[in-house]
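Single-structure report; data block below.
The values are calculated or read from the model by the stated rules, or taken from the named source; none is laboratory data. This one's a predicted model, so the numbers in the text were calculated from it and none came from an experiment. Neighbour counts are summed over all protein chains in view; Cβ atoms, including those assigned to glycine, are modelled from backbone coordinates with ideal geometry.
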Amino acid sequence: MALLDVNGLKIYFHTRDGVVKAVDDVSFSVDSGETLAIVGESGSGKSVTCYSLLDLLPKPPAKIEGGTALFDGEDLLSCSLERMQHFRGNDIAIIFQDPMTSLNPFISIGEQLIEPLIYHPDKARRLSREDASKRAVELLDEVGIVDAPARFNCYAHEFSGGMRQRVMIAMALINEPRLLICDEPTTALDVTIQAQILELIKQLQQKRDMAVIFISHDLGVVAGIADNVIVMCEGTVREAADTESVFYRTSDSYTKRLLAAIPEGAKTMANRAEEGQPLIEVSHLKTYFNDYSSPAARAEKRQVKAVDDVSLSIQRGEILGLVGESGSGKSTVGRSIMQLVPITSGSVSFNGTPISGLSSSQLVPWRQRMQMIFQDPYASLNPRMTVYQTLVEPLLYHGLANSNNIEQQVQQLMDDVGLARASMRKYPHEFSGGQRQRIAIGRAIATKPELIIADEPVSALDVTIQAQVLDLILDLVERHNLTMMFISHDLSVVRYISDRVLVMQRGSLIEEGKTETLWANPKEPYTKNLLSAIPLADPKSERERLSS
Amino acid sequence: MLRFAFNRLLQAIPVLLIVISATFFLVHSAPGGPFSADKAVPPEVIRALEAQYNLDQPLWQQYVSYLGDVLQGDLGPSFKYSGRTVNELIAAGLPATAELAMYAMLVALIIGISAGVLAAMRPNTMQDYLPMSAAMLGICMPSFLLGPILVLVFGIHLEWLPVSGWGDIPGDKILPAITLGTGYAAYIARLSRGGMLEVLSQDYIRTARAKGLSEPLIIFKHALRGGLIPVVAFLGPAFAGLLGGSFVVETIFQIPGLGRFYVQAAFNRDYTMILGMTVFFATLIILFNLLSDMLALWLNPKLRQQAGGES
Amino acid sequence: MDRLQAMEEKGSSLWRDAWIKLSKNYLALFGLGVIALLCIVSLLTPWIAPYGYEEQNLMLGATAPSLEHWLGTDIFGRDMLTRIMYGGRVSLMVGFIATAVALVIGVLWGAIAGFVGGRVDAVMMRIVDIMYALPFMIFIVLLMVVFGRNILLLFLAIGAVEWLTMARIVRSQVMSLRKQEFVEAAYSLGLSQWTIIRRHIIPNTLGPVIVYTTLTIPSVMLLEAFLSFLGLGIQPPESSWGLLINYGVETMEEYPWLLIFPGVTLSLTLFALNFLGDGLRDALDPRTSKD
């Protein structure tokens, strides 16, 4: 018998609008030393499944309607809260997606680490504070926290994202659990940090012979570390098999779609960049912000150099990718070009005419010619305006339509971005994330712009939706003869869509090149690091990479 | 932390100066002098009185000398209680008011926090509805209504508790403290429920649960600190409110405290008394606001470090 | 752009969702009903009041509730129901007008601070912080003493105290809206500042403003009643619930109904307004729509 045996698990959510079958008849098992990956998009029930094992679901609305989860022969779903507290943290531990919000900001991380030891439900196994602290420091050291004894008394906000996740891992391992559940442990992290954390989890597992359940939306992340994979969709298991079968020999249509949705390989569309006068020319752009993060910074009038001396140009018809990790200043470059943030110095020219420094009324004609698509489809639409109102606004404001043809123009836009005409009178909250992003794209192309700056337009979307929206963007670029700057942290996406790529780090451009040249032959060590950290949806090569 | 306190204290000085000046000129611009209400006082007597209180000097001169006195902690003589200074009167009223405010605050904190925490532990159940309905009742039942009703029921009808006085008969402090504290207990209950609910929905509470900690440990160690920050920040304003509330409660229960003096001074048009007490109250309230801000700050390690950060 | 309004059609807007949610909240509906009833009664009082406001009957004196006098009479034989109705006019008027004063000052102050930002915001909010720390109750008493008990002054004084929280709410709302991507999108469309404020900022700040306005009215009415109770607010021959409670306390041992009826009326009104405010908050807060 396996360490954990889940059979026929059913979890329903009883909401005001009816019953949602979040998990419907799910079975799987995992044994010591084994890694099981549960893969699915948002709403697939993958996290709900795992939270139910530790009784972490809010009840109501959640209700377990059936099934068993035998851990070492004992059913986790029907045990008492007291018994559950024995399992939690001792036999089964869990790490969460966002290490910032998952650590208590009011208690030092050392104190949080030793809690499972000093408050152990089994009184005989309780440790004294000193012994527990000693053990915690050792573990912090093991997960790669430098200068662990000194960091022991620090608070969560004093660590970087990657370090926080290491602390979370140490906390999960403090009682030597036999099963570790990882709920999207690297989703909130930059790609280079992600690689380190994945490796750490792998190592720790091998050393301890733990069972690991790894939840992810990203098949690429899973390829290198999972022994078995189950693919979930809308509460049901679509496929359950060993990793190689899933990646190389799947017969399930949904799994195929997931695999196909991973942007991989080079762009298929021809490079349409024209020679001659660049459409956008940015020279020596500096955008600094006042640092208000602390009273001390404010008092000293410290500045954050978000963009520090960046020069670039975009040819007409070109798709330029701008990549960098969080905090690299890539979004600020886009907003500076759009004149949405005041620039500190330098200049931006559109088609040879300088537009930086123009007043907002002088900018109006230029604004029609350049538009922006934003990252968060939930924040980028006014919640109190219908799709129709959102799309009509640019048309009427720039005098591109009159009352006779406006209806027809909006319908045309809806068709363009693949939305049903009938949903014109609906409000944003009645749409899914992908549909909302389509509305935002429709608004951006409404003024018939020449340039579109897309700031992480697909990062908030599920992979299958992401692929559809990327294809929509490429299609629109071609049909409307657009020039585009595509800003993203996701290198695979950038490679799939851009002709040329710029790499940013800490406010500066550090490397640029034609996409394929750069991929084949990166010069800067930082770029090399970035590229090698991308997880590939290919178990064999991933395993080689992780073991090297 | 000390630096922050020092900065805030520095900022409080101009604020106090403005308060003193505004109050001074407001009081002195009042139509009719302080003695005009008394009938048939010979002009020479008024003149003598005015000279005694420096009222014959130009206004700015009075202002400067008053400011000088206040800086030395001297709030001047009372108009109505001849021979007594405002300082003396404040010293006489302060103990009762301070004691009353303290008891009321205790009532408010103990009842308020426990009701709020209980309600937040099981939202949308009876354990939530009952204390929260009671809290709503407390908010909608102002002290000047609650006090007389309590007197009517427990003092006059049931004859369990004395209906007035302060420290004369055992138990005479109970009704005033409850009257003054109830409204704040209700408000604190709502604040702490909101704060606790917010915190209990945080990811780190889920983490604590996943570690196998017991529910009491989660509530008291992991949630309470964050959940009570709104309550702590409210303590300063609550204190100001208690002072205001003491006007009513001390009047109802005939307690010889500052609030009653203030109301009497207002009716008697005892200008130096009003002026002096306003300055005193303002100082006290600004000080308490500072304290509650600092306490709220200190509870949050991130802000604590920033506020106390070097340079 | 105004043609847009004409073209609007139905859809499930957030306002409609909020209304549906509110209409399922019986306490809030009860509150709304009570407020509406009170407003109507107050408007019609001169015509529907059973007796004249100053109509005394010294022979009668204080009597318990009866068929002629539903809520009894006071020591001068004046009908309590009539007096509570007239008092309600004043109390509600103070509540609404002072709240309107607070609303205007608070919204303008907060919107300007939030929208202009930078140093202007820092200075404006510093002022609010400082004023928060001031003993306003004492100031109002002072004002009343110095300038006499003037009802207009009372409106202004209370309004001037209550705008602070409104300013903070509006400012934080505007600040967070300004950073929202849909406002950035409006900028990048080239919309003018005023259009952005009118079409994108105001409709999205309205919810919290409505909620807080509803919650300000009871606290203003409470403040008025408090001052009137002390004898420092409304003065005779005008009357308000606070003043009636004050009279009621003096004679509560002999004639408890003189305290209880005005007290219950005031509490019930405060209840209704608070329930409505809480209900509106639940209905308009997008966070509560999730569960």
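Observations on the model:
- Hits in region C:205-224 (condition: crowded, with 20+ Cβ neighbours inside 10 Å, at pLDDT below 85 and within 10 Å of C:I169 (Cβ to Cβ)): C:V211
- Condition met for A:S44 (among the polar types (S, T, N, Q), over 21 Å from B:S201 (Cβ atoms) and either touching a helix residue (DSSP H, G or I) at 6+ places or on another chain (Cβ under 8 Å) or buried (at least 19 other Cβ atoms within 10 Å of the Cβ) (or both)): yes
- A:S347 under 17 Å from A:F486 (Cα atoms), surrounded by fewer than 19 Cβ atoms within 10 Å (Cβ to Cβ) and more than 14 Å from every other protein chain (Cβ to nearest Cβ): no
Yes/no per residue for (1) of a type in the set (V, I, T); (2) surrounded by 15 or more Cβ atoms within 10 Å (Cβ to Cβ):
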| site | (1), (2) |
| --- | --- |
| B:Q62 | no, yes |
| B:Y81 | no, yes |
| B:E88 | no, no |
| B:T97 | yes, yes |
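- Summed over region A:151-190, residues that are β-branched (V, I, T) and farther than 19 Å from A:I213 by Cβ total 1.
- All of C:S192, C:S188, C:S176 fail the test of being surrounded by 20 or more Cβ atoms within 10 Å (Cβ to Cβ) and closer than 30 Å to A:S380 by Cβ, apart from C:S188.
- The set of residues in region A:411-421 being part of a helix (DSSP H, G or I) and either more than 28 Å from C:K179 (Cβ to Cβ) or facing another protein chain (nearest Cβ under 8 Å) (or both) consists of A:Q411, A:Q412, A:M414, A:D415, A:D416, A:R421.
Each row is one residue, and each column tells you yes or no for (1) modelled with pLDDT under 90; (2) in contact with a helix residue (DSSP H, G or I) (Cβ under 9 Å, 6 or more places away or on another chain); (3) outside any strand (DSSP E or B); (4) not charged (D, E, K, R).
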site: A:M1; (1), (2), (3), (4): yes, no, yes, yes
site: A:L9; (1), (2), (3), (4): no, yes, no, yes
site: A:V19; (1), (2), (3), (4): yes, no, no, yes
site: A:L36; (1), (2), (3), (4): no, no, no, yes
site: A:S52; (1), (2), (3), (4): no, no, yes, yes
site: A:E65; (1), (2), (3), (4): yes, no, no, no
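- A:L9 meets all of the listed conditions (1) crowded, with 22+ Cβ neighbours inside 10 Å; (2) within 30 Å of A:D141 (Cα to Cα) but one, namely (2).
- Residue in region A:83-95 that is under 28 Å from A:A261 (Cβ atoms) and not in a loop (DSSP other than H, G, I, E, B) present: yes
- Criterion applied to A:I439, A:I453 was being within 15 Å of A:Q371 (Cα to Cα), at the interface with chain C (Cβ under 10 Å from one of its Cβ atoms), touching a helix residue (DSSP H, G or I) at 6+ places or on another chain (Cβ under 6 Å) and among the aliphatic types (A, V, I, L, M), and the one residue passing it is A:I453.
- Flag for B:G73 being surrounded by fewer than 18 Cβ atoms within 10 Å (Cβ to Cβ) and of a type in the set (G, A, S): yes
- B:E198 vs. criteria closer than 30 Å to B:A296 by Cβ, within 13 Å of another protein chain (Cβ to nearest Cβ) and free of Cβ contacts under 8 Å to residues at least 60 places away in the same chain: yes
- Test: residue in region A:132-146 that is β-branched (V, I, T), closer than 27 Å to A:K528 by Cα and free of Cβ contacts under 8 Å to residues at least 24 places away in the same chain: yes
- Meets criteria (in contact with a Gly (Cβ under 7 Å, 6 or more places away or on another chain), within 13 Å of another protein chain (Cβ to nearest Cβ), within 25 Å of A:Q203 (Cβ to Cβ) and surrounded by 21 or more Cβ atoms within 10 Å (Cβ to Cβ)) for A:R164: no
- Boolean, A:K134 is on the phi < 0 side of the Ramachandran plot and in the same structural domain as A:F96 (by TED's automatic domain parsing): no
- Counting only helices (runs of 4 or more DSSP H) that sit completely within region C:169-274, those holding 2 or more residues that are in contact with a Leu (Cβ under 7 Å, 6 or more places away or on another chain) and more than 9 Å from every other protein chain (Cβ to nearest Cβ) correspond to C:202-230, C:241-250.
- Reported count of residues in region A:350-361, each being within 8 Å of another protein chain (Cβ to nearest Cβ) and not polar (S, T, N, Q), is 0.
- Just one of (1) assigned to a helix (DSSP H, G or I); (2) within 8 Å of chain A (Cβ to nearest Cβ); (3) surrounded by 20 or more Cβ atoms within 10 Å (Cβ to Cβ) fails for C:E162. It is (2).
- Odd one out for A:Y288, checked against (1) in contact with a Lys or Arg (Cβ under 7 Å, 6 or more places away or on another chain); (2) more than 30 Å from B:N7 (Cβ to Cβ): (2)
- Set B:A108, B:A101: member being touching a Gly at 6+ places or on another chain (Cβ under 7 Å) and either on the phi > 0 side of the Ramachandran plot or surrounded by 13 or more Cβ atoms within 10 Å (Cβ to Cβ) (or both): B:A108
- Where A:L70 falls short, out of the listed (1) closer than 22 Å to A:E184 by Cβ; (2) surrounded by 17 or more Cβ atoms within 10 Å (Cβ to Cβ): (1)
- The single condition from (1) out of contact with any strand residue (DSSP E or B) (no Cβ under 9 Å at 6 or more places or on another chain); (2) surrounded by fewer than 23 Cβ atoms within 10 Å (Cβ to Cβ); (3) within 12 Å of chain B (Cβ to nearest Cβ) that A:C50 fails is (1).
- Pick from region A:129-154, criterion in a helix (DSSP H, G or I) and under 30 Å from the mean Cα position of the chain (by Cα), ranking: surrounded by the most Cβ atoms within 10 Å (Cβ to Cβ): A:L140
- Residues of region A:110-128 that turn out to be assigned to a helix (DSSP H, G or I) and within 11 Å of another protein chain (Cβ to nearest Cβ), as a count: 8
- Of all residues in region A:362-407, those being within 7 Å of chain C (Cβ to nearest Cβ) and in contact with a Pro (Cβ under 6 Å, 6 or more places away or on another chain) number 4.
- Lone qualifier among A:S328, A:S336 - being surrounded by 13 or more Cβ atoms within 10 Å (Cβ to Cβ), in contact (Cβ under 8 Å) with a residue 24 or more places away in the chain, of a type in the set (S, T, N, Q) and away from chain C (no Cβ under 14 Å): A:S328
- Check on A:V229, of a type in the set (A, V, I, L, M, F, W, C) and under 26 Å from the mean Cα position of the chain (by Cα): yes
- Matching strands (runs of 3 or more DSSP E) fully within region A:301-395 where at least 1 residues are within 22 Å of A:R436 (Cα to Cα), of a type in the set (A, V, I, L, M) and in contact with a helix residue (DSSP H, G or I) (Cβ under 8 Å, 6 or more places away or on another chain): A:370-373
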